[in-house]
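Have a look at the structure below before the remarks.
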Amino acid sequence: MATGRASSGRIVRWSRTERALHWVHAAAFCTLLGSGLCLYLPSLEEWVGRRPLLKHIHVYTAAAWAVAIVLVLALGDRRSLRRTLGELDRLEPDGRMNRRQQLNTIATGAFAVLFAVSGFLLWYGERDTRFRFASTLLVHDWLMYVSFLLFLGHLFYALILPSTRHSLNGMTRGWVREEWAERRHPEWVAALRSDTD
Amino acid sequence: MREAREPRYGRAAFLTLLGGGLSSLWWAGKVSGFVSPITSSVSQLLGNLFPVGGWRIYTISGSMPIFDPASWRLEIGGLVERPHAFTYDELLALPRAHQVSDFHCVTGWTVRDVHWGGVRFSHLLDAVRPLPQAKAIRFDSLEFAYNDSLTLEQLRRHDVMLALAMDGKPLTRPHGSPARVVIPEMYGYKGVKWLAKMTLVAHEPTGYWEQLGYDQDAWVGHSNGYGSS
């Protein structure tokens, strides 16, 4: 599915592959954040207990996340992803995202890699002490703090702020209202029109 | 088409974040040490809201033992003349020691200036009279299967104690109530929490984490892959 105009009044914003990638990441992030916080905060730990179960949930969710991302990349519409990557690379607000959204996407991508690397080192360091570094836990913690703040900001724009929350529709059903896109992303709509006209 | 020659700011931002993050595996520890006066005061503030305070609580079984003052005993036996099971009140009646020391975890976190209150092991050993062949003590936790050991020589260090209180209050459940071993010069896994039993032995046994590859002598900065050893 290409972006662009669909039925009247609607514009396709995100392909099925892009949405799959988003929701795989979102589901994994929430599960990892929840289980991670229960392992991390003594008060939650005491309240929930069951540490081995939480640790299993955390580790297996991370593994499932990696597999699911690879599957989406392998089976999905890579052309739509390449186009998104191109937009992110130019960092110009002429595509579907404004600059804040682009920076959020770039940071989320980089943090995903860093979470995976530091998380793997935490897991593997328990098995081979040569891979246990003093800073690994610190890095994993800091990533959590920064990602948590980004996540809260993301939720605010996607769920609460009235002028932007229609964008959630783009990520759930794939399309946004044309008049909304004209207001929020005029460069994108203009570029679409110059492509099709 | 706009292509190739345009600056790749997005890629640059991604790679900068990635490079910064990966290299932080090397520098994060130093930076954290440098800014810790600031962050520790912040975490002190946060600690009043959420009981974080820099501690992380680990259990091996998944649930923290519950301390019942009526039934709890600290059994001391093995190579001793007079085995004895101390009640909580008996421990409280022993001469009280206080100290401020740093707590280091082998996974890399540290809590500075922890105020401990408790008893020195010498008072406990005097009561049970170790036999000459006793060279080490095995500590067993109420949390089943967790145990560790120290040599009697290590136990005689001036800042080793059986802690009953932390920061002026009786030990809380996450911190090992009612009694835990504190040996500041070693990583935390040597400090058995929820202590239930001490057994004097001739040879230092292999503890829970040691069986999983951790060092027997967990000197801070000189064991488990840290420092030169």
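The values are calculated or read from the model by the stated rules, or taken from the named source; none is laboratory data. Given the structure is predicted, the values throughout are model-derived calculations rather than measurements. No Cβ is skipped: glycine too gets one built from the backbone with ideal geometry, and neighbour counts run over all protein chains shown.
Of the residues making up the stretch A:168-185, those that are free of Cβ contacts under 8 Å to residues at least 40 places away in the same chain and either among the acidic types (Asp, Glu) or more than 19 Å from A:Glu92 (Cα to Cα) (or both) number 5.
Tell me, yes or no, whether the stretch B:179-191 has at least one residue that is over 25 Å from A:Thr129 (Cα atoms) and either assigned to a loop (DSSP other than H, G, I, E, B) or in contact (Cβ under 8 Å) with a residue 60 or more places away in the chain (or both). Within the stretch B:179-191, one or more residues are over 25 Å from A:Thr129 (Cα atoms) and either assigned to a loop (DSSP other than H, G, I, E, B) or in contact (Cβ under 8 Å) with a residue 60 or more places away in the chain (or both).
No other residue among A:Leu85, A:Leu21, A:Leu114, A:Leu54 is part of a helix (DSSP H, G or I) and either acidic (Asp, Glu) or surrounded by fewer than 18 Cβ atoms within 10 Å (Cβ to Cβ) (or both) apart from A:Leu85.
Does the stretch B:20-27 include one or more residues that are aliphatic (A, V, I, L, M), modelled with pLDDT under 90 and over 30 Å from A:Pro93 (Cα atoms)?
Yes.
If you scan the stretch B:150-168, which residues turn out to be outside any loop (DSSP other than H, G, I, E, B) and either within 13 Å of the chain's Cα centre (by Cα) or modelled with pLDDT under 90 (or both)? Give the steps one after another, and end with the answer.
The first filter runs over the stretch B:150-168 and keeps only residues outside any loop (DSSP other than H, G, I, E, B), leaving B:150-155, B:161-166.
Scanning the stretch B:150-168 gives B:Met161, B:Leu162, B:Ala163, B:Met166.
Of the numbered criteria (1) facing chain B (nearest Cβ under 8 Å); (2) more than 17 Å from A:Leu21 (Cα to Cα), the one A:Val48 fails is (1). Pairing residues of the stretch B:84-111 that are on the phi > 0 side of the Ramachandran plot with residues that are of a type outside the set (Asp, Glu) and surrounded by 15 or more Cβ atoms within 10 Å (Cβ to Cβ), at Cβ distances under 7 Å and at least 6 apart in sequence or on separate chains, gives B:Gly108/A:Ala134; B:Gly108/A:Ser135; B:Gly108/A:Thr136; B:Gly108/A:Leu137; B:Gly108/A:Leu138. Could you please let me know if B:Glu90 is in contact with a His (Cβ under 9 Å, 6 or more places away or on another chain), over 30 Å from B:Asn224 (Cα atoms), away from chain A (no Cβ under 13 Å) and at pLDDT 65 or above? When the stated conditions are applied, B:Glu90 passes them. Scanning the stretch B:107-133 for residues that are surrounded by fewer than 19 Cβ atoms within 10 Å (Cβ to Cβ), among the aliphatic types (A, V, I, L, M) and under 25 Å from B:Ala202 (Cβ atoms) gives B:Ala127, B:Leu131. The residues listed here are B:Val220, B:Val201, B:Val192; of these, the one that is within 12 Å of chain A (Cβ to nearest Cβ), more than 20 Å from A:Tyr124 (Cα to Cα) and of a type in the set (A, V, I, L, M) is B:Val220.
Within the stretch A:27-84, the set of residues being touching a residue at least 60 places away in the same chain (Cβ under 8 Å) and over 23 Å from A:Thr108 (Cβ atoms) is empty. Annotation: of all residues in the stretch A:85-118 being in contact with a helix residue (DSSP H, G or I) (Cβ under 6 Å, 6 or more places away or on another chain) and farther than 15 Å from B:Phe14 by Cβ, the one that is nearest to the other protein chains (Cβ to nearest Cβ) is A:Ser118.
Applying the set (1) touching a residue at least 12 places away in the same chain (Cβ under 8 Å); (2) closer than 30 Å to B:Val106 by Cα; (3) more than 9 Å from every other protein chain (Cβ to nearest Cβ) to A:Leu137 leaves exactly one unmet item: (3). Within the stretch B:17-45, residues that are exposed (fewer than 13 other Cβ atoms within 10 Å of the Cβ) have Cβ atoms under 9 Å from residues that are modelled with pLDDT of 55 or more and acidic (Asp, Glu) in no pair, counting only partners at least 6 apart in sequence or on another chain. Summed over the stretch B:188-229, residues that are of a type in the set (S, T, N, Q) and either within 29 Å of B:Ala165 (Cβ to Cβ) or buried (at least 19 other Cβ atoms within 10 Å of the Cβ) (or both) total 4.
Which of the residues spanning the stretch A:21-60 are over 19 Å from A:Leu122 (Cα atoms), at pLDDT 85 or above and β-branched (Val, Ile, Thr)? Answer for the stretch A:21-60, where residues must be over 19 Å from A:Leu122 (Cα atoms), at pLDDT 85 or above and β-branched (Val, Ile, Thr): just A:Val24.
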